[in-house]
1. How many residues, within the range B:103-122, are within 11 Å of another protein chain (Cβ to nearest Cβ), assigned to a helix (DSSP H, G or I), closer than 17 Å to B:Ala25 by Cβ and of a type in the set (Val, Ile, Thr)?
2. Any idea which of B:Leu97, B:Leu80 is surrounded by 14 or more Cβ atoms within 10 Å (Cβ to Cβ), hydrophobic (A, V, I, L, M, F, W, C) and farther than 18 Å from B:Gly117 by Cα?
3. Tell me, which helices (runs of 4 or more DSSP H) lie completely within the range B:1-102 with 2 or more residues that are among the charged types (D, E, K, R)?
Amino acid sequence: LLVIAFSMVVIAYGMEGVHDMFHDFRHVIGMPCH
Amino acid sequence: MKNTQSLKDRLVYSAVAGVVWGLVAMGINNMTGVFAFESTFTHNLVSFIFGGVVFSIVSGGILYFAGSVLPFKGYLPKALMVTTFVWLLLRGGGVLLSQMDSHRYHVVTPESIQGLGLAVLLGLFLGLFWTLGSRGLQGSKA
């Protein structure tokens, strides 16, 4: 759970390979993105 | 309401809810057109399912540990509260990041409204799967 919670923050903010992977997902769920 | 099932069981229900939510979120955005997809369908299929599972498992974990102190009865309203809270927390962090680097993190209001709606939808799925999971296990033990 702790590892996944950290992953969630990385995904939500695109804290960059993960950045490009979740770009569309981040926009769709309404997180600020470039 | 007492958690009679293990955390492991609950996280499995949460993961299933996350898969469904990820696919539904993709479909809803396709209908609303709030964000024009930039990646391929296959790429998004993977990222939305994975992202959905991650968000749902975190929400499920919070629900498991904080469920007894939330001011509601039943999994559904509690799940709605948790998923909305998680989204607002992340969105709040996003606002701070946006103030620090507005080019890198800029806010799009229609996406935010859709995101909040999807967070509520995740709460619905999470509450539903937890409820169904509880009934399923009780039924199999009877």
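Rule-based calculations on the coordinates, nothing more; no lab input. Remember, it's a predicted structure, so these values are computed and weren't measured experimentally. Cβ: placed from backbone, ideal geometry, glycine included. Neighbour counts: every protein chain shown.
1. So in the range B:103-122, the residues within 11 Å of another protein chain (Cβ to nearest Cβ) come out as B:103-119, B:121-122.
Now narrow it down to the ones that are assigned to a helix (DSSP H, G or I): B:109-119, B:121-122.
Filter again for closer than 17 Å to B:Ala25 by Cβ, leaving B:110-119, B:121-122.
Of the ones still in play, those that are also of a type in the set (Val, Ile, Thr) are B:113.
Summing the residues that are within 11 Å of another protein chain (Cβ to nearest Cβ), assigned to a helix (DSSP H, G or I), closer than 17 Å to B:Ala25 by Cβ and of a type in the set (Val, Ile, Thr) in the range B:103-122 gives 1.
2. B:Leu97
3. In the range B:1-102, B:7-32, B:75-100 are the helices (runs of 4 or more DSSP H) which contain 2 or more residues that are among the charged types (D, E, K, R).
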